[in-house]
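Okay, here's the structure, questions in a sec.
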Amino acid sequence: MAPKKSSVPVPENWEDDDAPEEDETADLEAFQRQYEDDQSWTALQEDEYGRLRPLDFREEQRAKRQRLLSAAASASIRRGMIRYLQIIVDLSRASSIGDMRPNRLAVMAGVLQGFIRKFFDENPLSHLGLVIMRNGVAERLTELAGSPEAHIAKLQGAMDAGGDASLQNAMNVALDSLKSIPPYGHREVLILFAALSTCDPGNVMDAVKAAKERNVRVSIVGVAAEVHICRVFTKETRGEYGIALNERHFEELVFSHATPPPSLAGDTSASLVRMGFAHRNPDGIDGTAYIGAECKLGTGGFTCPRCRARVVELPCSCHICGLTLVSSPHLARSYHHLFPVRAFSEVPQAELEAVKAGAEATVVAKTSSEDGGSTCYGCLTELTVSGEDLTQDLGVVVRCGECKQLFCYDCDLYIHETLHNCPGCETMASHDQAANSEGQNGAETANMDED
Amino acid sequence: MAQDSDKEDRSLLVILLEAHQGLWSQLNPETDANGTEEPRHLTLAGFLQQVLVFINTFLSLSDANQVAVIGMTSTTSSVLYTSPSLLSSSPVANPVEVSSNPSHEVLANLTILLREEERQTGDAAQPAALSGGLSRGLCLINKAVSSARAGGKRSALPRVLCLQGSPDATQQYIAVMNSIFAAQRSEVVIDACMLSGSESTFLQQATHLTGGIYLRPKLRGALLQYLLTIYCGFTFSRSHLELPQPLGVDFRASCFCHRRAIDMGFVCSVCLSIFCENVPECSICGTCFSNAPRTPAAKRKVGSAFTD
Ligand SMILES: [Zn+2]
Ligand SMILES: [Zn+2]
Ligand SMILES: [Zn+2]
Ligand SMILES: [Zn+2]
Ligand SMILES: [Zn+2]
């Protein structure tokens, strides 16, 4: 665990001002972090399983919850659900610098792969394309398309860096491919920028103007330092600009773009889109037919409800009649943005003790230990510390404002990040209906639930 | 090699029991004095007997198998039983705990649950909260998997078995779909056994998306046979078995305005709500589709959209 020297070779004429080429590298090297002073292991402690965790893990948990809270608060904003996103990756020589480990390029590639999968997981009806900047030119790596694996395969084959970055060239390529998308689609560009300069054939401000005119939202994640032109780009097009402090922060910044952005007035013309919900055909002899534009004889597939043509996979547009074909789970995947789980509030330790004392009093009358107040409603973990054994401490305990159930920190994260249902409220939902049909008071039944 | 497969043959099975009293009169409309003899009939007692035999068989297959049973009624849900090794906060605890008897615990806790239900409401015809049961089950699984991973061990393979009797509750659509996607992301297999006479689109989609098995047994009285032959074995062994094949999956959506099942419809490009006819304004997010200036987003009518 001894701090290693950076793996980037220091040029021999490190302080030689004669060679302009070397000078530029030296400039970039100046931004390299000094890991020698970074004694990160001192801020760690071991928990009961031998896991390492920071000393003030409660504070860290609170910070993470804070981000969740703000995310939940912005959930009421309307979002652009049908997105057309061009990702521009900076593969100039600045991306081979090793201030992120092993180098910026490897970190960017890894994060980007994760992002592409997450993007399609959250936006199944959206499209994505890749553009790379290298040697002063921009190259379209993949066309706007829907399949994550195709993008990732292409990306893995293109990972070598060199030359300068040109924002103008890259934006021209990106804007060109965003020209022909339907009017209701949200046009977005996400740039992963490693360089500290842009080397353009003309005025880069023209690209800013063009992006603004076409309602393209440009967001940038920088891995080096803030660059003025990036700030201008994002400000003019109402995008977001973030500078990564370290590898983890970089991943966080990039992944935040997987969530549909707020939809601004005038961004797109909202419209009702005609869609067909294709029926899945059974596999086997009964389901055999000519499938897809290539007319391959096969089994399974989906049938277009308008023209009865068969397509291979969803979502797509029918190759015969052009109808957009989806399945209802594609749409349902994004409904949690519309109806998010409210943020839970933290329960102070003192109150927990009181709850526990109350639970112990009633536990004699009730043989089942669950619903007994001091266990997590989701996973039944005991929430209060027994004695002074601090290693058993589970951290922050939270309570749902609607159903008043207690949850542990792990369940809180799981509920808000993955599940998007409050288990307590879901049980209450039908509960309330039953109560209402009885003409009962909802609050009354909630109390009964607790005791 | 043999050791490796031994390690992998561990399952964590979460069973969702829909067990409210109204269900049984729904399932057996013509009450028979000797109803248990009739293979198409299933009473609460018969149902519990068969499920408990199934649970005990499953547990006896491997001492590393873990079970959690969640009971769902129309008003509440409750964890009826969990394997002791599942709940112990420290992973080094002795997994061979012989003192617990699943049958006794399930029955005792179910009695409490049913009494609770009786006390709270007389309307027992309400369908049970499938979404609530699924959500709790997934929280349990999430905790078990993540604490096993943190302890440096591979967790048992998680799966969920839904034993549902009442028809789908359309107002739970979004919550159920959210649970299904969460299960899909955490690679939890959802199996389903539908006890009522009609198919369940929710459970069909759940099993299709998570790679589980959907079954609606013809002879409900012989439930145990179905459970043992289809749902008892380890997930990996399924590829070697001749199991019931799905007859296509109905992916039709239901419109938010009338709850009609449609195969072609209009989708709001802002919030992806589904409508069966061309509407001038989205009732969910308030977007106007005409060229008229936008009104501020109308307050969301979640209830009205999903309850009727
Ligand atoms: Zn067609
Ligand atoms: Zn929990
Ligand atoms: Zn709640
Ligand atoms: Zn309708
Ligand atoms: Zn809408």
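The values are calculated or read from the model by the stated rules, or taken from the named source; none is laboratory data. This one's a predicted model, so the numbers in the text were calculated from it and none came from an experiment. When we count neighbours, we look across all protein chains shown, and the Cβ atoms used for this are built from the backbone with ideal geometry, even at glycine. Areas reflect the complete protein model, heavy atoms only, side chains present, ligands, DNA and RNA absent. Shrake-Rupley method; radii C 1.70, N 1.55, O 1.52, S 1.80 Å.
Could you list which residues have their amide H under 5 Å from that of residue B:80, counting only those 5 or more apart in sequence or on another chain, with H placed in the peptide plane?
Amide H neighbours of residue B:80, under 5 Å, 5+ apart: B:69, B:70, B:71.
My understanding is that a pair violates if its Cα-Cα distance is over 32 Å; which of A:64/A:235; A:154/A:209; A:154/A:179; A:118/B:218 do that in this structure? Provide the component values of the computation, followed by the final result.
Details: A:64/A:235 27 Å; A:154/A:209 30 Å; A:154/A:179 23 Å; A:118/B:218 41 Å.
Those over the limit are A:118/B:218.
Right, here's the next one. Hey, what do the phi angles of the range A:229-242 turn into as Karplus ³J(HN,Hα) couplings, whole Hz, using 6.51/-1.76/1.60 and θ = phi - 60°, x for Gly and Pro?
5, 5, 4, 4, 3, 6, 5, 5, 9, 6, x, 10, 10, x
Projecting each Cα onto the charge dipole of the range B:193-295 (Lys/Arg +1, Asp/Glu -1 at the beta carbon, about the Cα centre), which of B:257, B:272, B:196 comes out farthest on the positive side?
Result: B:196, furthest along the dipole toward the positive end.
Whole-Hz Karplus ³J(HN,Hα) for the range B:135-146, in order, using 6.51 cos²θ - 1.76 cosθ + 1.60 and θ = phi - 60°, x for Gly and Pro?
4, 5, x, 5, 4, 4, 5, 4, 5, 4, 5, 6
Could I ask something else about it? So, in nm, how far is label residue A:147 from label residue B:288 when the simple model puts each one 7 Å beyond its Cα toward the Cβ?
4.3
Here's a follow-up. Which residues, if any, in the range B:253-272 have at least 40 Å² less accessible area in the whole protein complex than in the isolated chain, probe 1.4 Å?
The answer is B:263, B:264, B:265, B:266, B:267, B:269, B:270, B:271, B:272.
Could you run the numbers on buried accessible area between B and A, total for both chains, 1.4 angstrom probe, in Å² to the nearest 100?
Approximately 6800 Å² gets buried when B meets A.
Net charge near residue A:208: determine it from the other residues with C-beta under 15 Å of the C-beta of residue A:208, scoring Lys and Arg +1 and Asp and Glu -1.
So the surrounding residues net to +4.
Whose amide H sits under 5 Å from the amide H of residue A:193, counting only residues 5 or more places off or on another chain, with H placed in the peptide plane?
A:221, A:222, A:223
Go through the range A:407-427 and flag every residue whose accessible area shrinks by 10 Å² or more with all protein chains in place compared to the isolated chain (probe 1.4 Å).
In the range A:407-427, residues shielded by partner chains: A:410, A:411, A:414, A:418, A:419, A:420, A:421, A:423, A:426, A:427.
R0 = 56 Å: FRET efficiency of residue B:261 with residue A:137, Cβ-based, nearest 0.05?
0.60
Using a 1.4 Å probe on the heavy atoms of the protein chains only, list every residue of the range B:179-211 that has 30 Å² or more less accessible area in the complete assembly than in its chain alone.
SASA drop of 30 Å² or more in the range B:179-211: B:181, B:182, B:185.
While we're looking at this one, here's another question. Could you go through the range A:58-63 in sequence order and give the Karplus-derived ³J(HN,Hα) for each residue, using 6.51 cos²θ - 1.76 cosθ + 1.60 with θ = phi - 60°, rounded to whole Hz, and x for Gly and Pro?
Listing the rounded values in order: 5, 4, 5, 4, 5, 4 Hz.
Label point 7 Å out from residue A:238 along Cα-to-Cβ: which residues of the range A:189-222 have amide N under 18 Å?
A:189-190, A:208-220
Expressed in nm to one decimal, what extension gain is obtained for the pair residue B:48 and residue B:101 from 0.36 nm per residue of sequence separation less their Cα-Cα distance?
The span from residue B:48 to residue B:101 would gain 17.6 nm if fully extended.
List the residues whose amide H sits under 5 Å from the amide H of residue A:405, counting only those 5 or more places along or on another chain, with H placed 1.01 Å from N in the peptide plane.
Placed amide hydrogens put A:400 under 5 Å from residue A:405.
Using a Förster distance of 25 angstrom, determine the FRET efficiency expected from the C-beta separation of residue A:63 and residue A:113, and round it to 0.05.
Approximately 0.40, to the nearest 0.05.
Could you give the nm distance between label points at residue A:248 and residue A:342, where each point is 7 Å from its Cα heading toward the beta carbon?
3.1
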